[in-house]
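What follows is a short report on a single structure.
The values are calculated or read from the model by the stated rules, or taken from the named source; none is laboratory data. Here the structure is a predicted model, which means the values were calculated and not measured. Heads up, the Cβs are rebuilt from the backbone with ideal geometry, glycines too, and the neighbour counts pull from every protein chain shown. Only protein heavy atoms, including side chains, enter the accessible area calculation; ligands, DNA and RNA are left aside. Shrake-Rupley method; radii C 1.70, N 1.55, O 1.52, S 1.80 Å.
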Amino acid sequence: MGTALAFYLASAIAVIASARVITSANPVHALLYLVVSLLAVAMIFFSLGAPFAAALEMIVYAGAIMVLFVFVVMMLNLGSAVIEQEKQWLSPRAWAGPAILSLMLLVELFRSIGMESDHMVNTATIGPKAVGVSLFGPYVLAVELASMLLLSAMVAAWHLGRPNDHKE
Amino acid sequence: MLEAIPMEHGLALAGVLFSLGLAGVLIRRNLLFILMSIEIMMNSAGLAFVVAGSRWHQPDGQIMFIFVLTLAAAEAAIGLALVLQLYHRYHSLDVDAASEMRG
């Protein structure tokens, strides 16, 4: 009873918080709802028997990446004018079309997944040891590629983040 | 009765989160909100990997989630640097402000 209840409760929290992210006018409120959504997904990972993924979701996603977003929002120092502008942009005329299209895609996705529940998830824990053995065994080349991706992202962020001296 | 979780429910949750993120990308005009919606979409993709990995009781799903996490970190770093550049140049986060296509 415990794991299934945790799964469905955390699913509801994740969906509601994500919906609040895309409908919120204040960037700081949206960021905090996004953190709640990520923590709910971490709870889902835990209930599915993936504690290492849950810990990474909390530390790296909710901890590091979201703090990066918070820093940028603080640096931009967006005032109440931006919130008013966002409220103006969020008119039903603007969001009705994309919402209907996304809903149609979602219905199609549900139909292709199929809701007959005869494949049960095995909620037995897959611990960090099994993940580590596999990560540095057959997947070691992908780990090297991921490190190169992070290096190139760092170089690109440094290049883009420089104060631009060429005024147009 | 409610002990086991069907895999389809996990995949359906990933689909719902992905659709929410997609709707966010389409609806919002603020670059910061677009980046947040992309984070939601990547997170849902990682969730689908972990659900599938649990279904067959293999660690590969969690490993793919780690790679999605790496990709999300790289994307957030570059995207936020672009947000700062956009704000410095146009004093606005409206993506339509940067539609001039000049160097």
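Structural remarks
- Per residue, the stretch A:39-137 exposes 58 Å² of solvent-accessible protein surface, assessed with a 1.4 angstrom probe and all protein chains in place.
- Inter-probe distance in nm under a simple model that places probes 7 Å from Cα toward Cβ, at A:TRP158 and B:GLN58: 3.9
- Rounded percent of accessible protein surface that carbon and sulfur make up, chain B, 1.4 Å probe: 69
- Solvent-accessible area lost in complex, 50 Å² minimum, residues of the stretch A:109-126 relative to chain alone, 1.4 Å: A:ILE113, A:HIS119, A:MET120, A:VAL121, A:ASN122, A:ILE126
- Contact surface B-A: accessible area buried, both sides summed, square angstrom, 1.4 angstrom probe: 7200
- Between A:VAL70 and A:LEU5, residue separation times 0.36 nm minus the direct Cα-Cα distance comes to 20.2 nm.
- Ordered by 1.4 Å accessible area with all protein chains kept, A:VAL133, A:VAL35 run largest first as A:VAL133, A:VAL35.
- Cα gyration tensor shape of the stretch A:1-99, rounded if a/c is under 1.5, else prolate or oblate by comparing a/b with b/c: oblate
- Sites listed here are chymotrypsin sites (Phe, Trp or Tyr not before Pro) in the stretch B:52-87 whose DSSP assignment is loop and whose Cβ has at most 15 other Cβ atoms within 10 Å: B:TRP56.
- Amide H to amide H distances under 5 Å link A:VAL121 with B:ILE5, B:MET7, where only residues 5 or more positions off or on other chains count and H is placed in the peptide plane.
- Overall, the accessible surface of the stretch A:70-141 at a probe of 1.4 angstrom is composed of carbon and sulfur to the extent of 66 percent.
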